[in-house]
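The values are calculated or read from the model by the stated rules, or taken from the named source; none is laboratory data. Nothing here was measured: the structure is a model prediction, and the numbers come from that model. Here the Cβ is made from the backbone with ideal geometry for all residues, glycine too, and neighbour counts use every protein chain on show.
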Amino acid sequence: MVGMTRIDKNPRRGANAVEVRGLVKHFGETKALDGVDLDVREGTVLGVLGPNGAGKTTLVRCLSTLLVPDAGTATVAGYDVVRQPRQLRRTIGLTGQYASVDEKLSGWENLYMIGRLLDLPRKEARGRADELLERFSLTEAAKRPAMQYSGGMRRRLDLAASMIGRPAVLYLDEPTTGLDPRTRNEVWDEVQRMVAEGATVLLTTQYMEEAEQLANELTVIDRGKVIAHGKVDELKARVGGRTLRIRPADPAELPDMARALAEAGLDGVSGSQAVPDEGLLLVPLLSDEQLTAVVGLLAARGYAIADLGTYLPSLDEVFLSITGQKPTATDADPASAEQTEEVAA
Ligand SMILES: Nc1ncnc2c1ncn2[C@@H]1O[C@H](COP(=O)(O)OP(=O)(O)O)[C@@H](O)[C@H]1O
Ligand SMILES: [Mg+2]
């Protein structure tokens, strides 16, 4: 976690808060970033989607001045990552995949200490700690050492810490990796609140679903390269959106159901697929309306449905459809990826 004091200058409307051009970072033979271009418009959330080892954390570290890129340029709020690191750091907040609060200190002490490190006067640092603990539902746990916090509480404390300095631009590096679904939803709610309040967010994630929930636009990276970029809906449509999975009460009716759907020619519904071995009918969907139409048609024709559900394409499927190949399984070592290279400021 690196929280920073706020930039005085008001953000320029419609401008890019983050601009990255041809960014390259090598670690020995590994091309962690291999010429990355991306923009994050002010007041929006850019999702950076990619598998383990794609280069997401390296990107965030370069944009936080924790790593010096080998080539290319990057600016945040108009500040150059290499030439203006101090000013840049004052505009950003960073929440890492691995929470880095001080275990022995209480939640309140962690936040107060960060406020003081950011040169806030004592009174303001106290006020900010109280306010953020309240906001992240940690008031009751404020005096307990962070080591006693659950994973979700830790992540919320980490988010709170990144916001002490009211950063104009927030980096969230896999903010929900390893969290259970309930806690994940809590974090999503918080991020949505920050965005509603005007924050610009660069969010890295391995989950299509998370990108869908939070991001306006999506940049997909693999092996240090941007392989797709677009609005979330556009990419989803390219990938095929959700799939409806229907289990008929009588598996013998599967072929008839598939035929009935094909003949009905429902708007935008095509290519349903019967999987007799599993007793399932799979229907690619692009909208909720299509789901209602498909289920309504089958019910109207008198087919009994025992079970149904929808599922999103997995990250593998997204990659498969965008690149025609599976993401490369790099065995990225979280420990080594967390090592910080010293940077002259
Ligand atoms: N400090 C480092 N030293 C050596 N290799 C690294 C370091 N940090 C990252 N890498 C390598 O760079 C690649 C990208 O890693 P990373 O940016 O952590 O990916 P991601 O965050 O998308 O999982 C991986 O192959 C990883 O092993
Ligand atoms: Mg990472």
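Being closer than 19 Å to VAL36 by Cα and surrounded by 18 or more Cβ atoms within 10 Å (Cβ to Cβ), is that true of even one residue in the stretch 179-189? No, the stretch 179-189 has no match at all. Scanning the stretch 174-184 for any residue that is out of contact with any His (no Cβ under 8 Å at 6 or more places or on another chain), farther than 23 Å from TYR311 by Cβ and at pLDDT 85 or above turns up nothing.
For the stretch 137-157, the tally of residues that are surrounded by 15 or more Cβ atoms within 10 Å (Cβ to Cβ) and within 25 Å of the chain's Cα centre (by Cα) stands at 9.
Candidates in the stretch 114-136 are the residues that are surrounded by fewer than 21 Cβ atoms within 10 Å (Cβ to Cβ) and closer than 16 Å to ARG156 by Cβ; of these, the one that is modelled with the highest pLDDT is ASP130. Of the residues making up the stretch 32-46, at least one is buried (at least 24 other Cβ atoms within 10 Å of the Cβ), assigned by TED's automatic domain parsing to the domain that holds VAL169 and either within 14 Å of ligand 2 (Cβ to nearest atom) or of a type in the set (Ser, Thr, Tyr) (or both). Candidates VAL283, VAL295, VAL275, VAL343: the one that is among the aliphatic types (A, V, I, L, M), within 30 Å of HIS229 (Cβ to Cβ) and modelled with pLDDT of 80 or more is VAL283.
Please return the ranges of helices (runs of 4 or more DSSP H) entirely within the stretch 190-297 where 2 or more residues are assigned by TED's automatic domain parsing to the domain that holds LEU63. Lay out the reasoning, then the answer.
Values: elements: 208-214, 232-239, 254-264.
Result: 208-214, 232-239.
Taking residues in the stretch 62-84 that are surrounded by fewer than 17 Cβ atoms within 10 Å (Cβ to Cβ), and partners anywhere that are at pLDDT below 95 and among the acidic types (Asp, Glu), the pairs with Cβ atoms closer than 8 Å and at least 6 places apart or on different chains are VAL68/GLU341. Of the strands (runs of 3 or more DSSP E) lying entirely inside the stretch 38-128, the ones with 3 or more residues being more than 15 Å from the chain's Cα centre (by Cα) are found at 71-76.
Suppose the filter is farther than 22 Å from ALA168 by Cβ, at pLDDT 90 or above and in the same structural domain as CYS62 (by TED's automatic domain parsing); does LEU111 pass it?
Answer is no for this residue.
Being assigned by TED's automatic domain parsing to the domain that holds VAL195, farther than 21 Å from GLN87 by Cβ and among the charged types (D, E, K, R) is a property that does not hold for ARG166. For LEU67, the conditions (1) closer than 21 Å to THR176 by Cα; (2) within 11 Å of ligand 1 (Cβ to nearest atom) all hold with the exception of (1).
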